[in-house]
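Structure record follows, encoded as structure tokens.
Readers should treat all values here as calculations from the given coordinates under stated rules, not as data from a laboratory. Small disclaimer: the values here were computed from a predicted structure and weren't measured. Heads up, the Cβs are rebuilt from the backbone with ideal geometry, glycines too, and the neighbour counts pull from every protein chain shown.
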Amino acid sequence: MIIGNRHIAPHSPVLVIAELGVNHDGSVERALHLVKIAKRCGADAVKLQVFQANQLMHESSQFAEYQKHTVLDSDPVAMLKRYELDEISLKKIVDTIHAAGMLAVATPFSPGDVGTIDRIGVDVIKVASPDAVNRLLLQRVAQLGRPIIVSTGASTLDEIHMCCDWLRGWKASFSLLHCISSYPAPAESTNLCWIRELQQECGVTVGFSDHSTEVVSGALAVAAGATIVERHLTYAHNADGPDHAASSDPGEFSHYVRLVRQAEKMIGSPGKRVLAIEQDVRQVSRQSLVCCRDLRAGEMIGPDDLTVQRPGTGIPAAMIENTVGKIIRRAVKAGSMLQWDMLGEAA
């Protein structure tokens, strides 16, 4: 998948997304400040959430359990209305993201948000986990022709296959994100092995939408095959709001990105081979065939005539079966390291 100028594929640079969520507290100025923080922390992209509370929430909506302890509002609609950003503000934020050299990502939560997403000019559309089964929203998003990232939290494998079938049917370019829909997600429930499973099952690139609080989780996800890593960014854990406590502050986010980049370096490139930095150790520590006794010219080498010793500058130890039965061309002393020019074929 191509996003802007970035190729999303195994062994390409991992795309690190700073998810602002509603951590801007409904303030465009604070959102712009978080964009600057994301850039300083080393993020490649910044993600926004685009919603209108009255369109998204039915009057029967309830808070998730984790939200009950982090919000002050009496109902979910009232809470979300405080975090709405209008289209002019969203466009200003997207322009600032681009000016900082990062990619802009946005999540629509209702079909009516898709037009806004299109007009503000994001590079890629992220579909939240609950909407991996929202055919109407997915189809509207696919019609825009932009790259799509779909989170898979709280989805069965059958539901994920159904989502992939829809998107392929609409000729969409998409990736999946492994995700655990818990805030925060306990380390023991992170199941990073599902990244490979989704790659194999669905035949697409897979990233990780990280709701854990472990600073090493992004690096571990990259080691498990993630091509995209998304993490919530906040200015302060103790700020009022539903997501601040489960997000990374600037210091944590910077450390998180550094570990992701280190993981990229350590994974390296495919194709097992001897590296240039290994050649010296290879030569001095590999073993060669050495004579156990004096051998006369014309004598045949037997299996008990040879031992092995370092360094690997003679006939390699692996070639012992190719050496036994050969004739010694000239007399050699016990302890001599054999070379190919010392040997001849038996008559």
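A few comments on the model shown:
- For the stretch 250-342, the spread of Cα positions along the three principal axes, ordered from largest to smallest, is 76, 22, 20 Å.
- Furthest towards positive pole of dipole, SER189, GLN287, VAL35, structure part the chain, Cβ charges: GLN287
- Cubic angstrom per residue, convex hull over Cα atoms of the chain: 186
- Label point 7 Å beyond Cα of MET319 along Cβ direction - residues of the stretch 283-297 with amide nitrogen under 13 Å: 287-290
- Per-pair calculated FRET efficiency, R0 = 30 Å: VAL274 and ALA223 via Cβ, rounded to 0.05: 0.85
- Fully extended contour minus Cα-Cα distance, from ASN238 to ALA187, at 0.36 nm per residue: 16.2 nm
- For PHE174, distant residues with modelled amide H under 5 Å away: ILE148
- Seen from LEU157, the other residues with C-beta closer than 10 Å to its C-beta sum to a net charge of -4, counting Lys and Arg as +1 and Asp and Glu as -1.
- Signed unit charges on C-beta, dipole axis of the chain, positive-most listed residue ALA245, ILE8, ALA18: ILE8
- Simple Cβ-charge dipole of the stretch 7-267, Lys/Arg +1 and Asp/Glu -1, about Cα centre, in debye nearest 20: 820
- The packing ranking of peptides 219-229, 86-96, 246-256, 262-272, highest mean first, is 219-229, 246-256, 86-96, 262-272, where packing means the average number of other beta carbon atoms within 10 angstrom of each residue.
- In plain terms, the chain from ALA346 to MET300 could stretch by 15.8 nm, reckoned as 0.36 nm per residue minus the Cα-Cα distance.
- Extension gain, GLN309 to ARG119, is 61.2 nm, computed as 0.36 nm per intervening residue step minus the present C-alpha separation.
- Each label was represented as a point 7 Å from its Cα along the Cα-to-Cβ direction; for ALA331 and MET266 these points are 5.8 nm apart.
- Shape class for the stretch 196-257, computed from the alpha carbon gyration tensor (a ≥ b ≥ c): prolate, with a/c not under 1.5 and a/b above b/c.
- When the C-alpha to C-alpha distance is required to be over 23 Å, the pairs from LYS171/LYS265; LYS36/LYS265; LYS47/LYS265; LYS47/LYS91; LYS36/LYS126 that qualify are LYS171/LYS265; LYS36/LYS265; LYS47/LYS265.
- Inter-site label distance for VAL77 and ASP95 at 7 Å from Cα along Cβ, in nm: 3.4
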